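Worksheet: the structure to be examined is printed underneath.
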Amino acid sequence: MNPVPAELVARATVSYDAVQAVGETVYWIEGRADGDVLVRWTAADGRQDVLPEGFHVVSHVHEYGGGAYLATERDVWFCDADDQRVYHVRDHRHPIPVTPVPASPGALRYADLRLLPGTNNLVSVRERHEETLVHNELVILPGDGSAEPTVIASGDDFYMSPEPSPDGRQLTWVSWNAPRMPWDGARLWLADFRPDGTLTGTRLVAGGDDESVCQPRWSGDGTLYFVSDRSGWWNLYAWRDDHIEPVITGEFEVAAAPWEFGYRTYEIQDSQITAIIQQGPSHSLVTRRLDGDLERRALPYTSIKPYLATAGRNIAFIGSSPMRLPTVVLAEPDGSVHELTSADVTLDLASLVRPEPFTFGTRDGGEAHGLYYPPLGGSDRPPPLLVRAHPGPTANWPLRLDLHAQYFTSRGFAVADVDYRGSTGYGRAYRLELRRRWGVVDATDCADAARHLVSAGRADPGRMAIWGASAGGYTVLRALASTDVFATGIARSAVVDPGSWGRAAPKFQAHHAELLRAELSGEPEAAIQRLLLLVHGDEDHVTPLNQVRAFAQQLGPGARLVIVTGVDHTLRESANIHHVLCVELQHVRDIC
């Protein structure tokens with residue numbers, strides 16, 4: 001049983017996202033160290049890069065992007081990472097831009113590309129940047145670039161998921177307005193196309209300020225499906241003859257918080273519907289039969305990303321588990337699976353530990369959840385503990401192989417991933433428990449999780465640290481400032497002050513903190529009496545470096561700021577990951 005090498009963690013950087021399928025051909029985006037590459041798989045030819053070298057597929061709408069390409073039988077349209085224009089490829093030829101050159105680089109951005117049936121026109125979300133103003137809207141654009149895009153819907157702050165009906169006569173889409181995020185409250189609209197391509201007769205199908213709707217899809221017979229949390233859980237519904245009918249319902253989620261465009265967590269296949277359902281940290285694949293019964297598929301995966309695609313009679317998705325890295329999977333109706341990708345690293349399974357779900361009581365009488373990773377090989381005495389607060393904060397820790405956690409457990413640390421109140425996967429009420437209390441309940445839940453593990457003999461109370469990234473970094477600061485549980489903290493790409501962060505954040509998140517943050521007395525740095533490690537990229541556009549640098553200076557010698565050059569909000573390059581891992585390990589070893 002050898003420690004997981006930092007080199008191995010650093011090399012395992014390839015990610016998979018945005019699965020689509022055309023017939024039996026499967027597409028996905030492969031995140032590599034040099035950029036996001038569009039990949040195609042066929043049974044005859046295996047995996048192939050779709051675009052010439054140097055073309056990377058990324059949308060910067062909302063900064064988080066997603067929905068950056070559309071594949072059809074002969075064509076591919078994609079958003080180019082460098083200039084954010086939409087490009088067209090037919091029959092493997094060189095990509096041709098089909099959207100105008102913006103006044104400045106990145107001033108016109110596109111996402112959620114959809115082909116209008118019976119035409120060569122696309123409908124998409126467009127984001128226009130004009131000096132300090134950002135406008136979001138829906139546009140129609142010719143797929144060959146023969147004319148300028150035409151705006152067909154505008155006025156709301158944000159748009160997502162334009163979906164033409166199968167006959168091309170109607171369009172449905174989702175929109176919402178600040179300060180709400182799409183998981184707080186959004187609306188599903190339906191309108192008719194006029195002959196000139198404009199919309200008329202716009203009406204509300206579902207949603208509102210206190211109902212989150214997402215992922216509208218049409219079936220071949222013209223039924224409109226969508227996900228709504230009107231029951232308290234993101235469940236699947238159908239809209240027929242002006243009536244809404246439940247389709248897949250229960251105390252589970254059939255959607256993920258829509259941080260990005262392009263999520264598809266259910267697929268309609270003739271007489272049945274296949275969907276990803278989430279319960280806490282775990283995902284399953286279920287099929288709804290004609291009689292309404294749900295059949296859970298037996299699969300070796302406990303985490304499934306929010307992308308499903310129908311490939312012939314099969315379902316394509318991205319699956320992982322606590323003992324295997326994410327892979328693109330093709331699941332057949334008989335239950336057999338074929339993994340279309342392979343890990344770029346060799347894992348020593350004897351060096352890995354399985355996380356254990358746990359539930360604990362909170363100091364105010366509530367309940368929260370987490371995953372506990374015991375130290376490799378056990379220990380004669382309670383081990384040091386690293387508590388991790390997930391980013392978001394509207395997110396959760398999935399039950400899949402996490403090499404960052406395994407890096408620490410293989411060196412004698414226990415790790416606890418806390419799904420504090422406000423996390424996803426536990427229903428709307430749990431998700432809303434962070435409203436007006438960000439910086440309070442997330443911080444105390446992390447501390448209470450640590451105390452729970454101490455009481456169970458699974459952590460040493462004198463050797464506990466807390467780690468978090470982005471919004472989770474703010475949880476680290478608040479836990480150090482408001483509790484006496486942790487000896488130190490590590491904050492990557494941290495939000496250090498929700499107010500100043502909201503004023504500098506991209507439009508999508510600029511109002512996120514308004515509904516979440518608690519009213520706190522005093523500045524958090526004044527109360528932090530523990531050593532703090534801050535790790536930040538010098539090109540971070542989500543949490544600007546100048547805010548973190550000022551915070552570190554105010555904190556004084558108790559804070560150490562490590563600046564990683566050439567890095568934005570996420571570490572991607574192997575050398576940077578290796579460096580930061582070693583710095584983090586040395587920091588907690590020196591103190592714990």
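Taking the criterion of being touching a residue at least 24 places away in the same chain (Cβ under 8 Å) and more than 22 Å from residue 581 (Cβ to Cβ), the residues of region 533-549 that qualify are 541, 544, 547. Say whether the condition of being under 17 Å from residue 551 (Cα atoms), touching a residue at least 12 places away in the same chain (Cβ under 8 Å), assigned to a strand (DSSP E or B) and open to solvent by 10 Å² or more (accessible area, probe 1.4 Å) is met by at least one residue in region 474-493. Looking through region 474-493, at least one residue is under 17 Å from residue 551 (Cα atoms), touching a residue at least 12 places away in the same chain (Cβ under 8 Å), assigned to a strand (DSSP E or B) and open to solvent by 10 Å² or more (accessible area, probe 1.4 Å).
Could you tell me whether region 448-463 includes any residue that is among the hydroxyl-bearing types (Ser, Thr, Tyr), part of a helix (DSSP H, G or I) and surrounded by fewer than 24 Cβ atoms within 10 Å (Cβ to Cβ)? Working first, answer last.
So the first thing to find is which residues in region 448-463 are among the hydroxyl-bearing types (Ser, Thr, Tyr), and the list is 455.
Add one more test, that the residue is part of a helix (DSSP H, G or I), and what stays is 455.
Then drop every residue that is not surrounded by fewer than 24 Cβ atoms within 10 Å (Cβ to Cβ), which leaves 455.
Within region 448-463, one or more residues are among the hydroxyl-bearing types (Ser, Thr, Tyr), part of a helix (DSSP H, G or I) and surrounded by fewer than 24 Cβ atoms within 10 Å (Cβ to Cβ).
Within region 494-524, the set of residues being free of Cβ contacts under 8 Å to residues at least 60 places away in the same chain, small (Gly, Ala, Ser) and surrounded by 20 or more Cβ atoms within 10 Å (Cβ to Cβ) comprises 494, 505. Can you name every residue in region 396-428 that is in a loop (DSSP other than H, G, I, E, B) and among the charged types (D, E, K, R)? Result: 400, 402, 411, 421. Can you tell me which residue within region 258-279, out of those that are hydroxyl-bearing (Ser, Thr, Tyr) and open to solvent by less than 30 Å² (accessible area, probe 1.4 Å), is nearest to the chain's Cα centre (by Cα)? Once the filter is applied, the top-ranked residue is 265.
Cβ-Cβ distances below 6 Å connect the following pairs, each with a first residue in region 31-58 that is over 23 Å from residue 106 (Cβ atoms), a second residue that is open to solvent by 40 Å² or more (accessible area, probe 1.4 Å) and among the aromatic types (Phe, Trp, Tyr), and a separation of six or more residues or different chains: 47/41. Residue count for region 326-384 satisfying the condition of being over 29 Å from residue 431 (Cβ atoms), open to solvent by 70 Å² or more (accessible area, probe 1.4 Å), without any contact (Cβ under 8 Å) to a residue 40 or more places away in the chain and among the acidic types (Asp, Glu): 3.
Looking across region 565-591 at every residue that is aliphatic (A, V, I, L, M) and assigned to a loop (DSSP other than H, G, I, E, B), the one that is modelled with the highest pLDDT is identified as 567.
Looking at 184, 221, 196, 167, which one is part of a loop (DSSP other than H, G, I, E, B) and surrounded by 19 or more Cβ atoms within 10 Å (Cβ to Cβ)?
None of the other options fit; the residue is 184.
Suppose we keep only residues that are of a type in the set (D, E, K, R) and under 21 Å from the mean Cα position of the chain (by Cα) within region 20-46. Which one would you say is least open to solvent (accessible area, probe 1.4 Å)?
30
The values are calculated or read from the model by the stated rules, or taken from the named source; none is laboratory data. This one's a predicted model, so the numbers in the text were calculated from it and none came from an experiment. In this analysis, Cβ positions are derived from the backbone assuming ideal geometry, glycine residues included, and neighbour counts consider all displayed protein chains. Side chains are part of the model used for accessible areas, which takes the heavy atoms of the whole protein and leaves out ligands, DNA and RNA. Shrake-Rupley method; radii C 1.70, N 1.55, O 1.52, S 1.80 Å.
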